[in-house]
Amino acid sequence: GNSVTQMEGPVTLSEEAFLTINCTYTATGYPSLFWYVQYPGEGLQLLLKATKADDKGSNKGFEATYRKETTSFHLEKGSVQVSDSAVYFCALRNNAGNNRKLIWGLGTSLAVNP
Amino acid sequence: EAQVTQNPRYLITVTGKKLTVTCSQNMNHEYMSWYRQDPGLGLRQIYYSMNVEVTDKGDVPEGYKVSRKEKRNFPLILESPSPNQTSLYFCASRPGSANTGELFFGEGSRLTVL
């Protein structure tokens, strides 16, 4: 079946450090891939997405590339800020069926210190 | 402002006392869904609805009911809450057709069952 595996947190970085959060997936067919972010006390919101192999999603300085050969969608940012402290969720969507539900990773908590 | 609104945001109740968590969206979305978020378990889908009067079970529907009488509303009903339903609940919505996969989340409802 479909599944998403994220690196365990928490991840603690200093401001301006480089960030990588690993995400790998198992899926049949050609899923779409997503990163969602959950800021403290809020609901999840879409950060970026990619719908086919080699697509790169980007937003707010974050990037992730859909790598079919390694079944990965790692999240990166060159210089994190304190305001990036949040929980990050990797997810995939099987594009078949009506539900088209998202399959979620367990989330990775990021804390950025000044 | 486009949003998904949940109420209550926080609730402490006792075992067996029926409660309803309301969810309303103002984006005219066909699809709505309920999730619960628990430490170490990530996000799990409880129920979803493809449109008015069309609902179906997600991954963890036991102990919950839903209804979809109007497009904008999708209440979650706990007929006889138990302590294992203590959790953080999220309602989410998206367009039904030609969807990009982006889910729009409410801010969450933290429920404690004593």
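The values are calculated or read from the model by the stated rules, or taken from the named source; none is laboratory data. Note that the coordinates shown come from a computational prediction; the quantities given were computed from them, not determined experimentally. All Cβ positions, even for glycine, are placed from backbone atoms using ideal geometry, and neighbour counts span all protein chains on display.
Considering only segment B:39-50, I want to know if a residue exists there that is farther than 25 Å from A:Q38 by Cβ and within 14 Å of chain A (Cβ to nearest Cβ).
yes
Can you tell me which residue among A:S3, A:S79, A:S58 is modelled with pLDDT under 95 and among the hydroxyl-bearing types (S, T, Y)?
The conditions single out A:S3.
From the set of residues in segment B:33-51 that are hydrophobic (A, V, I, L, M, F, W, C) and modelled with pLDDT of 95 or more, which is farthest from the chain's Cα centre (by Cα)? Spell out the reasoning first.
First pass over segment B:33-51, keeping only residues hydrophobic (A, V, I, L, M, F, W, C): B:34, B:41, B:43, B:46, B:50.
Then drop every residue that is not modelled with pLDDT of 95 or more, which leaves B:34, B:46.
On the way: B:W34: 3, B:I46: 7 Å.
Ranking the qualifying residues of segment B:33-51, first place goes to B:I46.
Given the condition under 25 Å from B:C91 (Cα atoms) and within 13 Å of chain B (Cβ to nearest Cβ), answer yes or no: does some residue in segment A:65-86 qualify?
no
Kindly evaluate B:S109 against the criterion of being modelled with pLDDT of 95 or more and within 14 Å of another protein chain (Cβ to nearest Cβ). Steps first, please.
On the way: modelled with pLDDT of 95 or more: yes; within 14 Å of another protein chain (Cβ to nearest Cβ): yes.
So B:S109 passes the test.
Given (1) within 13 Å of chain A (Cβ to nearest Cβ); (2) among the charged types (D, E, K, R); (3) in contact (Cβ under 8 Å) with a residue 24 or more places away in the chain, where does B:D56 come up short, assuming only one miss?
(3)
When you scan segment A:1-33, how many residues do you find that are of a type in the set (F, W, Y) and within 26 Å of A:N113 (Cα to Cα)?
1
Take A:T12 and tell me if it is assigned to a strand (DSSP E or B), of a type outside the set (D, E) and away from chain B (no Cβ under 14 Å).
For A:T12, the condition - assigned to a strand (DSSP E or B), of a type outside the set (D, E) and away from chain B (no Cβ under 14 Å) - is met.
Got a number for residues in segment A:25-77 being aromatic (F, W, Y) and under 30 Å from B:C23 (Cα atoms)?
Looking only at that region, the number is 4.
Residues in segment A:39-63 that are within 14 Å of chain B (Cβ to nearest Cβ), part of a strand (DSSP E or B) and either within 11 Å of the chain's Cα centre (by Cα) or within 20 Å of A:G1 (Cα to Cα) (or both): how many?
6
List the residue pairs whose Cβ atoms are under 6 Å apart, where the first residue sits in segment A:99-112 and is facing another protein chain (nearest Cβ under 10 Å), the second is modelled with pLDDT under 95 and surrounded by fewer than 17 Cβ atoms within 10 Å (Cβ to Cβ), and the two are 6 or more positions apart or on different chains.
Every condition considered, the pairs that remain are A:I103/A:N2.
Does B:S80 meet the test of being away from chain A (no Cβ under 14 Å), modelled with pLDDT of 95 or more, over 23 Å from A:G41 (Cα atoms) and touching a Gly at 6+ places or on another chain (Cβ under 7 Å)?
The answer is yes for B:S80.
For B:L103, state whether it is in contact (Cβ under 8 Å) with a residue 12 or more places away in the chain, among the aliphatic types (A, V, I, L, M) and under 27 Å from A:N95 (Cα atoms).
Details: in contact (Cβ under 8 Å) with a residue 12 or more places away in the chain: yes; among the aliphatic types (A, V, I, L, M): yes; under 27 Å from A:N95 (Cα atoms): yes.
In short, yes.
Criterion first (of a type in the set (G, A, S), on the phi < 0 side of the Ramachandran plot and away from chain A (no Cβ under 14 Å)) does B:S93 satisfy it?
Details: of a type in the set (G, A, S): yes; on the phi < 0 side of the Ramachandran plot: yes; away from chain A (no Cβ under 14 Å): no.
So B:S93 fails the test.
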